[in-house]
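Enquirer: This structure is in structure tokens; I'll ask about it shortly.
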Amino acid sequence: MTRLAINRLKERRPDAASIDRFLARHEVPIVEGDRCTFLWRGEADEVFLVQRIVGLPERLPLRRLWGTDLWYLVLELPAGSRINYQVEVRRGEHTERGNDPLNPKLSYSPVGTSSVCFAHGYVTPDWTEPDPDARSGELTELVLQSRALRRDCRVTLYLPARFRHTASYPLLVVHDGGDFLQYAAAKTVLDNLIHRLDVAETVVAFVHPQDRLAEYSNSAAHARFLTRELVPRLEAELPLVGQRSGRCLLGSSFGAVASLATAYRAADVYGSLVLMSGSFVFTDIGAVDHGGGPVFDPVVRFVNRYRDRPRRVADRLFVSCGVYEPLIMPNRSIVHTFESTGMTVRFVETRDGHDWENWRDTLRDALSWVYPGPQKLVYE
Amino acid sequence: MRVIVLGPQRRPTLDAVVRSLELSGPIATVTAGWQEREPDDAEFDALVGGRSANLRLHARWQDVLTRDPEYAAAELEHRAALRELQELHLVQLDGALRGLREVARYGGSRPPIRDAACADAEAVVRLVDERHLARVREAREAFEARWRPGERLAAAGHRTEVRHVLDAAAGLVVAGGHVGVLLHVLRLFAVGAAPVVIAWSAGAMALTERVLLFHDKAPHGPAHAEFLDAGLGWIPGCVLLPHARRRLRTDDTARMAELVGRAAPARCVVLDDGVRLDLGERGALPPGARTIGPDGRIGDLA
């Protein structure tokens, strides 16, 4: 096996100039097979890689390359992984945490940005990039006066290319719509997957929350808004299938809780749910600290209740979670609860974290399963 | 009627075939399977020597839907019902095929007992297929009896125009694309046979007795092959498999044998690039046609 770049550098007993050249030559982290070398440069007492991979300590110390101001850590990462991390630096009493200054790649999540490392074998799917051959769907803005939420609700509507009033389309409602459009390239992904016949031509309603932690944590008002206001209005105004099989709710993180909680309150309305990295935190013994803080209290109450008395809330559930997320255990656990109700469940684990790129990369699997495209019907 | 079935036309062979037939007169063409791209047929027209008369079935269909909203609403509902039938068929089929595969995998020490159970499980799968096709036919016939699309003003006019074009044509060429759309518009406008019919991919599938959908290379891996509907029946005794090597796991002989069992008594005919099959009486296949045998292997017809 070829020696790692950091080991070759070490043997040369580098000076500042050779470290400059080394950093200029390599992308950081340096990916060599299944080994990823993380680097930080500067004066400090301690430097840590901070990440949330289940099974690893949250803070992993970097070692100083003797006689230099270069710090390094070699981590073995399975092929195809994508991990999010930050760097923590301690100087005396002062500790500072932030994104990796040597790595320009950022990952976006509901709680902000972090640096991202693409391990060997991870490739950004080509269907997430704009394809000039794919016809573009149309985005339009809609504002609904919601009695349930007591506010004007903005919805961005996606109509597929070649939209016709003489056809009928399934409906997909996406929580955190703005973020899915901005960080998960949802429009590009839809255009491409529909163009490739992987996904059926679908009308998509991207809903924008106002206070997502309140509205998405098992809120009856949010459920009423979707089921009694948004969906009926869209079905009245657009040529939609208008039946359970043609209605799907999608959400990630708290959005997945909102999807499940909405379908729970209207078990006959939605045929499918896509639940990505759901914040399905629960406790096996009632009032113990669940570790999620007060915003999770209503979620934990809801999930505990659901686990006690599970019921069928849709026909088909697509459930996904990154194996590096702290939420992987609750998600693995709740899959069996879902299956026990007779719902058809497809569970996908990704080598990824709790972020928009993970959810973007999962969209093809999710949407092509929920609303399969006409591939089977087309023989050119 | 003389029927010639071709392999997919990514590398066109249509021009050579048309030249070999020495047809005189215009050639009616169907590109409705391309849906909105139906008019993009300049290359196609060149391949038939600039003599094409595109029947424009997709455009006519859209025109009918626009001019006859009452029929359009009924047809929308009809198509939704057919879609639901298809979904339910897949649910039933999934159970029946799981049963068949489990029985086939079952060990045991008495092969005759297992073989008998296998035969029963195969019969269940065939029954599910047959009942589905019967339900689809019933739904279609009920819709046509109720709405009589051929007698409605908008569709009737188009039918007449299509018939005139066909009457003057030396041949009919049906391209591939969306087989469901093709079947629907061929029926809606009562497209009749011509002295010579050339078809490929979905165009050829639509002319068979039963249309089998298949795709093992979908994002989620192999899906169950499923019967969609009866075709026009101009090619009897065959279930056509265009792009077979691209779309099927042809190396999985157990899976291929299962397909053959479901298609029986029709033969599963492989239509890969470059294939030309000049069919004989009642769809008789010429020697050398590639078919899938009962053992699931692809071979030449003697």
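Enquirer: For the pair B:E130 and B:A104, what calculated FRET efficiency results from E = 1/(1 + (r/R0)^6), where r is the Cβ-Cβ distance and R0 = 22 Å, to the nearest 0.05?
Expert: Working from the Cβ atoms, E equals 0.60.
Enquirer: Report the Cα centroid-to-centroid distance between segment A:50-105 and segment A:117-134 in angstrom, as an integer.
Expert: Using only Cα atoms to place each centre, the spacing works out to 26 Å.
Enquirer: So, one more: Given a 10 angstrom Cα cut-off, can you work out which residue in A:R247, A:R151, A:R12 is the most mobile in a GNM of chain A?
Expert: A:R12
Enquirer: Order these by the 10 Å Cβ neighbour count, fewest first: B:V136, B:V30.
Expert: Result, fewest neighbours first: B:V136, B:V30.
Enquirer: Can you sort B:D120, B:D300 from fewest to most other Cβ atoms within 10 Å of each residue's own Cβ?
Expert: Going from least to most buried by this count: B:D300, B:D120.
Enquirer: Would you work out the relative contact order for segment B:166-302, in percent, from Cα pairs under 8 angstrom that are 6 or more residues apart?
Expert: 18 percent
Enquirer: Determine the principal axes of the Cα atoms in the protein assembly as shown, then give the extent along each, sorted from largest to smallest and rounded to whole angstroms.
Expert: The principal-axis extents, from largest down, are 93, 64, 62 Å.
Enquirer: Pick from B:G280, B:G157, B:G107: which is most flexible by mean-square fluctuation in a GNM of chain B where alpha carbon atoms under 10 Å apart are linked?
Expert: In the Gaussian network model the winner is B:G107.
Enquirer: How many nm is it between the label spots at B:A80 and A:V54, if each spot is 7 Å from the Cα in line with the beta carbon?
Expert: 4.1 nm
Enquirer: How would you rank B:I198, A:I328, going from fewest to most other Cβ atoms within 10 Å of each one's own Cβ?
Expert: A:I328, B:I198
Enquirer: Still on this structure, please answer the following. Given the C-alpha centroids of segment A:167-224 and segment A:306-322, what is the distance between them in whole angstrom?
Expert: When both Cα centres are located, 19 Å separates them.
Enquirer: Could you please report the charge total around A:D308, scoring K, R as +1 and D, E as -1 over all other residues with beta-carbon less than 14 angstrom from its beta-carbon?
Expert: +4
Enquirer: Looking at chain B, what % of its DSSP beta bridges pair antiparallel, to the nearest 5?
Expert: 35 percent
Enquirer: In whole angstrom, note down how far apart the Cα centers of segment B:183-212 and segment A:1-42 are.
Expert: If we compute the Cα centre of each part, the gap is 65 Å.
Enquirer: Mind telling me which of A:D131, A:D289, A:D315 comes out most flexible in a GNM of chain A, alpha-carbon contacts under 10 Å?
Expert: A:D289
Enquirer: Ok, one more. Inside 10 Å of the C-beta atoms of B:214-224, what's the mean count of C-beta atoms belonging to other chains?
Expert: Mean inter-chain Cβ contacts per residue within 10 Å come to 4.
Enquirer: Still on this model: Normalising by the residue count of chain A, find the relative contact order in percent from Cα pairs under 8 Å and 6+ residues apart.
Expert: So the answer I get is 14 percent.
Enquirer: First select every other residue whose beta carbon is under 9 angstrom from the beta carbon of A:R82; then total the charges, Lys and Arg +1, Asp and Glu -1.
Expert: Result for the local shell: -3.
Enquirer: Just need the relative contact order of chain B here, percent rounded to a whole number, with Cα pairs under 8 Å and 6+ apart.
Expert: 24 percent
Enquirer: Along segment A:248-256, what does the Karplus equation 6.51 cos²θ - 1.76 cosθ + 1.60 (θ = phi - 60°) give for ³J(HN,Hα), rounded to whole Hz, x for Gly and Pro?
Expert: In residue order, the calculated couplings are 9, 10, 10, x, 10, 6, 5, x, 5 Hz.
Enquirer: Shifting gears a bit: Mind checking which aspartates and glutamates have their Cα closer than 17 Å to the Cα of A:K105? Skip sequence neighbours fewer than 8 apart in that chain.
Expert: Counting by Cα, and skipping residues close in sequence, A:K105 has these aspartates and glutamates nearby: A:E27, A:E129, A:D352, A:D355, A:E357, A:D361.
Enquirer: What percentages, rounded to whole numbers, describe P(r) for segment B:84-131 computed over all alpha carbon pairs with 10 Å bin width beginning at zero?
Expert: Cα pair-distance distribution for segment B:84-131, in percent: 28, 45, 21, 6, 0.
Enquirer: Provide a whole-number value for the mean count of partner chain Cβ atoms within 10 Å of the Cβ atoms in peptide A:368-378.
Expert: So the per-residue partner count for this stretch is 6.
Enquirer: Lysines within cross-link reach of A:K376: Cα-Cα under 25 Å, excluding same-chain residues under 8 positions apart?
Expert: A:K187, B:K217
Enquirer: Still on this model: Can you compute the helix-only [θ] at 222 nm over chain B? Use -39500 (n - 2.57) per DSSP H run of at least 4 residues, normalise by all residues, nearest 500 deg cm²/dmol.
Expert: Details: 10 runs with 144 residues, N = 302.
When only DSSP H runs of four or more count, the value is -15500 deg cm²/dmol.
All of the numbers you see were taken from the coordinates with simple rules; none came from a lab. Everything numeric here is computed off the predicted structure, so don't read it as measured data. Virtual Cβ from ideal backbone geometry, glycine too; neighbours counted across all protein chains shown.
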